[in-house]
Amino acid sequence: MCNAIPYLGKDLSRPSGERLSENVVIKLIEPFMDKGRTVTTDNYFTSLSLAGRLLSRKTTLVGTINKIRRELPQSSKQSSDRNEFTTQVFSTTGTTLTVYAPKRRKTVCILSTMYNIVEIGDNRKRKPNTVTDYNTMNCGVDIMNQKVRQYTVRAGTRRWPVAVFYNLIDMAAMNAHVLYQACTGVKQRRVDFLAQLATELAEQFMQERMVDKEQLLWQQPATPHPGKRAKCQVTFQCKKNNATLRCVACYKYTCGKCKKETVAVPDMCQQITPMNC
């Protein structure tokens, strides 16, 4: 995924008279303009005006276009008298319209500024090159959605900001896997990469949490307050028994089953040390 825009309702910054679909495409591919790239769109976004604007910025377009568009010629909208695997081509300045019939009485319209001449394939279905290229390039979004659904961090929620955050994490992790393989040349399963990524992302948080937990332990009193009992925090040989003493090493409350009495210095008092410290 190269770019994304969250839909937040009516965009007041959109110029009056400009189509929403055209405005979205221009915003999404603005960082990639004037570089000779090709954009693939579906029938909601494709239009003749969009193709002209992109062509003026050295960007070509290949996309399906809805047959109800007013800019299409009337003869291209008639599909009842077309035979199977036939192609009809319309052209204007820098733009070609390919009307292909994959089945009898069914047509697909492809608008393209990538080719000035449409070539028909020599196979059985006689597909034109505009249809072949569109089928090759239009699967990027579908593949991304399939990968995101396969391994996701999403959980049930009724808050849309949280759902958007989950989606951002999924897409960022997918991009990280693609870039990691492209930059290092190492082929790694995505599930293994995501597990390693989750461990590295949580490592700093867990370290900070352990430091905070140790500081909280040291702030607690050496013995429980009068009239109160503490639960054993070691639980090495017990099931959370009551404890009244703390370990001198890790400063955790330790019950009688989990403690080990050792003499730290000769002729001095004994110290309480848990066996697993």
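Relative to the Cα centre, the charge distribution of the chain, modelled as +1 at Lys and Arg Cβ and -1 at Asp and Glu Cβ, gives a dipole magnitude of about 1080 debye. Ordering Thr64, Phe85, Thr132 by Cα displacement along the dipole of segment 20-138 toward the positive end leaves Phe85 in first place; charges were set at the Cβ atoms of Lys, Arg (+1) and Asp, Glu (-1). With contacts taken as Cα pairs under 8 Å and at least 6 residues apart, the chain reaches a relative contact order of 9 percent. Within segment 66-134, the trypsin sites (Lys or Arg not before Pro) that combine a DSSP coil assignment with at most 16 other C-beta atoms in a 10 angstrom radius are Lys67, Arg69, Arg70, Arg104, Arg105, Arg124, Lys125, Arg126. Which whole-number percentage describes the relative contact order of segment 1-117, with Cα contacts under 8 Å and a sequence gap of 6 or more? Relative contact order, segment 1-117: 20 percent. Normalising the Debye intensity of segment 1-130 to I(0), with uniform scatterers on Cα atoms only, and taking log10 at q = 0.11, 0.17 Å⁻¹ returns -0.43, -0.92. Only the Cβ atoms of Lys and Arg (+1) and of Asp and Glu (-1) were treated as charged; on that basis the dipole of segment 71-133 about its Cα centre amounts to roughly 400 debye.
Shown here are the Rg and Dmax of the Cα trace of the chain, at 32.9, 109 Å. When the alpha carbon gyration tensor of segment 143-216 is reduced to an equivalent ellipsoid, its three semi-axes come out at 26, 20, 9 angstrom, largest first. Toward the positive end of the charge dipole of the chain, with +1 on the Cβ of Lys and Arg and -1 on the Cβ of Asp and Glu, the farthest Cα among Ala173, Val191, Thr254 is that of Thr254.
Quick note: the coordinates plus some simple rules give every number you see, no bench work behind them. Quick caveat, the model's predicted, so the values are computed rather than measured. FYI the Cβ positions are ideal-geometry reconstructions off the backbone, even for glycines, and counts take in every protein chain you see.
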